[in-house]
Structure formats: structure tokens, C-alpha cells
Amino acid sequence: MEKEVVFTNWFKILGFSFLVSIVMIRVVAYLWLRPRKIEEHFAKQGIRGPPYKFFIGNAKEIVSLMLKASSQTMPYSSHNILPRVLSFYHHWKKIYGATFLVWFGPTPRLAVADPDLIREIFTTKSEFYEKNEAHPLIRQLEGDGLLSLKGEKWAHHRKIITPTFHMENLKLLIPGAASKVIEMLEKLTQNSKNGEIEIEVSEWFQTLTEDIVAQTAFGRSYEQGKAIFRLQAQQMVLASEAFQKVFIPGYRFLPTRRNIKSWKLDTEIKKSLMKLIQERTHDWGKEMQENGPKDLLGLMIQASMKESSLSSSINSSLNHNSAINSSMITANDIAEECKTFFFAGEQTTSNLLTWTTVLLAMHPQWQDLARDEVIKVCGSRDIPSKDDLAKLKMLSMILNESLRLYPPIVATIRRAKADVDLGGCQIPLGTEVLIPILAVHHDQAIWGSDANEFNPARFSEGVARAAKHPVAYIPFGLGVRQCIGQNLAILQTKLTLAIILQRFTLRLSPQYKHAPTVLMLLHPQYGAPIIFQQRLSNPTIVKSS
Ligand code: HEM
């Protein structure tokens, strides 16, 4: 009997040791042998990069390059921001060339900045690539909406949401958005001294863009929608704090003070969205009789009504968080898309407004040209109409140049869904490709020797002719997954800047430090204080018809 027990125990120990050994072998294979094989695979094709280090990849070098780059500010007159913003790319490109292999932990990423290859990835061979999984903190913020969805579900949502961004629909937002800008500017003038006031524009513009994205997403339920966006903004602050710390896998599940706050916010956001969806569904008959702008919420509710009885899907998603049928729009899907709108639309647009304002303040001659045009087309105080905005060519050129030099999204990533040939290079399944948008936009081989200078005139014959390559300008991405909110972002930016230029001249505050840096998006590291000097309206300039 005793012998039997000893034997069983030995057997258990052996079994356990065997299992541990298998796990260890797999871990070593994944974290050591596989990266070595991938490095060899690329080296044979002439593609090299910084050597892989066990588990952390090149993370240590990337962090140290970033810290070093962001420790110093830049001269005001310089737009050569690549070495500061994407320091790792700039550093290794000099050593290994424009296409190189870099390791984010044990994940290989192939940096690709050649426009011909970028066109393959996004258009001609896009079926071989998919979006990669976002960082868990970002995933929580962006929601399971268009940004992260894949396959049929993504295509279905994109089709439903697209009409929200048709110009005919967006133009209905202009009067509301314009009065918000004017209201905010009037508040400023009340606090000004000698007609002058200093504003930290990166925060100021966020309030403005939040408003218009809330209008686009929630329409008639705008007030409730804004309250939800406020909660999301708090969530964003918590995520930004966590993002600046070292990433520890699984840490977000621990009941720390920050995590508990974040979980509570998450529940509140979800509950408020579901309540709003229920209310809108209840009032649907009334809404159908109105002929207002098409908002995201309305369009998605309409689609889900066609597909199913929404009330049952609300119950199902509230209770089980799952869809009845994978292609059917549920209340949960609608809630996730609302989250995505806030994440994708708010800070990107305020970012564009911030950098364009900084550039106008840095380059007064372009500011004057833009203002002259605005006053000629829109008058010195009138609210610009949709047709006026379309006529503002100078402002469009300035925006294009701003998006080229300071693209809010500095890079994007795709993952190979299969083994694929990329311009003659064999990419194994699972490899991620990193497209450094900022580097493409600053490449002298594509843009000429003045690539790092602010010269909106390069866009005078349109975007396609501005560079040596037609797909070298990609601030909104490329192909089927190109930004859906592009029209809205441009409309809002043009409208806001036109109204500001009518009323103010802009200059940099002496406090301004030129320090672009990336924290999810391209931000001014020390804010963007700008002095707004009130202009008297000029009665001699008459609006052209
Ligand atoms: C200046 C402002 C903006 C910039 C620079 C910008 C940039 C981008 C880029 C580069 C992508 C593609 C990402 C990739 O391919 O990985 C994208 C996608 C997207 N953007 Fe924007 N965006 C802006 C404004 C907006 C606005 C205002 C909204 C909505 C209110 C929006 C909603 C989206 C969505 C939903 C996607 C995902 C589209 C899809 O995959 O089908 N964006 N954006």
C-alpha cells in the first residue's frame, strides 16, 4: 500500500515536471528561438535592425532614445521634428536604412516608409493585412467600434455610419459650431487686457471639438451625449497617467485606486449610453418626422431597428454584453461606436487646430495671407457658410502643410494575416508593419530639400501634385480604412480658424517652448500658449460675392 502511494506521488511529480518542462520549452521557443529565426529570415533578404533582447526586445533602447530626445526643446524656427518625436525611427534609419526590423517586446515590427510599399499595404494588397491589437489601455478607451473592428462587422458598421459624414449632412452643423466658437471667443475678450489675452490653446480647442463631435454623434441628444463625453475625458486622463508608467501585463486587473476609479467610470459610461439609446429608441416615431441632421446614434438605431427588435437586443447586451447574431447591430455596438467617436474625433481635431494655430503664430506672413482671404470671402464678421469654406484655398493649403509637418497620428500599424510578399520581401504571418507617417511626411527624397520647412505653397496645385509620390501624404491614412471623420475634421478646423482670423491676430507667447512630443497623439510637451490680439473690424474690405 505504502509503495503504491510513493509510486503515485512520484508519478505526479514526474507528470508535473514534464508539464513545466513543456511550458518552459514553449516559452524559450517563443521568446528566444522564434525571434532569432525571424531575424535570420529578414537578414537573408538584406533587412536588418537593432538586435533582439530576450523578452523586452528593443524597449530599453526605445525608451532611452525617447527620454533623451524629449529632454531638450527645439528652436522655434525648426520643423525638423522627426528626431525628437520618433527618435527611435530616426536613429535606426541612419544605421539600417528606411526599411528595418525593430522589436517591441517579442513582437517584430518592420518599419516601412517607402510610398510604393505603403500603397501595397493599404490598397493593392490590403486583404493580407489587418489592424493590430491596440494596447489594453487604448482598447478600453477606443471601444469596440470602427477603429478596431475587423471583417464583416467592420464593413457593416462603416456602411451604416458613412452618411453621418456626407457634406450635405455636416453643413447642418455649421451654425451651431460657429456660435460655439464665437461664444468662446467672446468670453475671452471679456477677460482681455488692452484687447490682448494669452490662451493655452491645446486645452481650449479640446472643449470646442468635444462640442462638435458630440453634435455629430448624438444630434438631438447632444446635452446627454456631452455629459458622457465628459466621463470619457476623465477616463482619458487616467489612461494617459497609466500610459506614462512602465507597462506591467495584467496590472489593469488589480484593484488599485486608479483601476477602481476607471472601472466605475466605465460602468457609468456604459449605463448612460444604454439609457440614452433606450430613450431615443422609445421616441423613434417622433424622430422620423423631423428632418434634422443625421447623427451617428440615429443612423445606428435606424439600422438596428431594421434588423431586429432593438429592445430585446438592449436587454441582451445589458445582461450578457453579446450580440444575438454577429452581423446584427445591437445596443452594445451602438454604445461602443459612440466611445470610438469620442476617442478618434476629439483630440485629433483639437490637435490639428493647435498645431495650425502655432504655425500661423510662427509665420505671420502666412497668417496675413490666410486672413486676407477669409475677409475677402466671408467678410470681417459674417459666419462662413459651407460654400465660403470651400473657397478658402489659402487656408486649405495651410491646413495641408500643418498636417504634413505635424500629423496628429504619427504612425500606424498593420499585422500580416498570412505570409505575404511586400515589394519582393517575404513577410511571415504575424509580423507587424509600422508605417511612420511623420517620417514619410518629412522625407527630403519625396518632398525636396525644403521638406522640413513650412511652405504651404507646395500644395498650390493640390495634394496629389505636392510631392514626388502621390501617396506620400497620408495624415488620414489610406485605402478602405482611411479616416471616416476627415471631412468633419477639416470643416471644423477651417470654420474655427476663419472665425478666429476674422477677429484676432495671433502670436507666440514668450512662454511658448517648441517641444512636439508623442503621447498617443502629437502634443506640445509644454502646452501651446498663444497671444490673441483683438482686431477691429475693417469696414473697407467687402465680402466678395
Ligand atoms: C485631424 C483630425 C483627424 C486625423 C488626423 C485623423 C487620422 C486618422 C487616421 C490616420 C486614421 C487611420 C488609422 C489607421 O489606418 O490605422 C483614422 C481612422 C479613423 N478616424 Fe480619424 N482622424 C481625424 C479626425 C477624426 C474625426 C473627427 C473622427 C470622428 C468623429 C474620426 C474617426 C475615425 C474613425 C472611426 C477611424 C477608423 C475608420 C475605419 O477603420 O473604418 N477621425 N483617422
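I'm told Ser77 meets every condition in (1) more than 24 Å from the chain's Cα centre (by Cα); (2) closer than 24 Å to Val433 by Cα except one. Can you identify the failing condition by its number?
Among (1) more than 24 Å from the chain's Cα centre (by Cα); (2) closer than 24 Å to Val433 by Cα, the lone unmet condition for Ser77 is (2).
What number of residues within segment 135-164 are within 17 Å of the chain's Cα centre (by Cα) and open to solvent by less than 40 Å² (accessible area, probe 1.4 Å)?
Counting residues in segment 135-164 that are within 17 Å of the chain's Cα centre (by Cα) and open to solvent by less than 40 Å² (accessible area, probe 1.4 Å) gives 10.
Answer yes or no as to whether Leu536 is outside the structural domain of Ala239 (by the TED database), farther than 29 Å from Glu186 by Cα and surrounded by fewer than 19 Cβ atoms within 10 Å (Cβ to Cβ).
Judged against the criteria, Leu536 is not a match.
The rows are residues; the columns are (1) over 28 Å from Gln235 (Cβ atoms); (2) at pLDDT 90 or above.
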{"residue": "Tyr129", "(1), (2)": "yes, yes"}
{"residue": "Glu133", "(1), (2)": "no, no"}
{"residue": "Ile138", "(1), (2)": "no, no"}
{"residue": "Gly143", "(1), (2)": "no, no"}
{"residue": "Ser148", "(1), (2)": "no, yes"}
{"residue": "His157", "(1), (2)": "no, yes"}
{"residue": "Pro175", "(1), (2)": "yes, no"}
{"residue": "Leu188", "(1), (2)": "yes, no"}
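Given the criterion within 13 Å of the ligand (Cβ to nearest atom), open to solvent by 40 Å² or more (accessible area, probe 1.4 Å), hydrophobic (A, V, I, L, M, F, W, C) and touching a residue at least 12 places away in the same chain (Cβ under 8 Å), identify the matching residue among Ile484, Ile490, Ile474.
Answer to the check: Ile490.
Does Val5 satisfy being farther than 20 Å from His91 by Cβ, at pLDDT below 95 and loosely packed, with under 10 Cβ neighbours inside 10 Å?
In short, yes.
What residue, among those in segment 214-226 that are under 22 Å from the mean Cα position of the chain (by Cα) and among the small types (Gly, Ala, Ser), is farthest from the ligand (Cβ to nearest atom)?
Gly225
Identify all residues within segment 226-241 that are touching a Ser or Thr at 6+ places or on another chain (Cβ under 9 Å) and touching a residue at least 60 places away in the same chain (Cβ under 8 Å); write none if there are none.
Ile228, Gln235, Ala239
Of all the residues that make up segment 470-520, how many are over 22 Å from the mean Cα position of the chain (by Cα) and at pLDDT 95 or above?
Total meeting the criteria: 16.
Kindly state which helices (runs of 4 or more DSSP H) lie completely within segment 241-351 and contain at least 1 residues that are assigned by the TED database to the domain that holds Trp154, at pLDDT 90 or above and open to solvent by less than 50 Å² (accessible area, probe 1.4 Å).
Answer list for segment 241-351: 257-282.
The values are calculated or read from the model by the stated rules, or taken from the named source; none is laboratory data. As the structure is a prediction and not an experimental result, all values here were calculated from the model. Cβ coordinates were reconstructed from backbone atoms using ideal geometry, including for glycine residues, and neighbour counts include every protein chain displayed. With ligands, DNA and RNA removed, areas are computed over all heavy atoms of the protein, side chains included. Shrake-Rupley method; radii C 1.70, N 1.55, O 1.52, S 1.80 Å.
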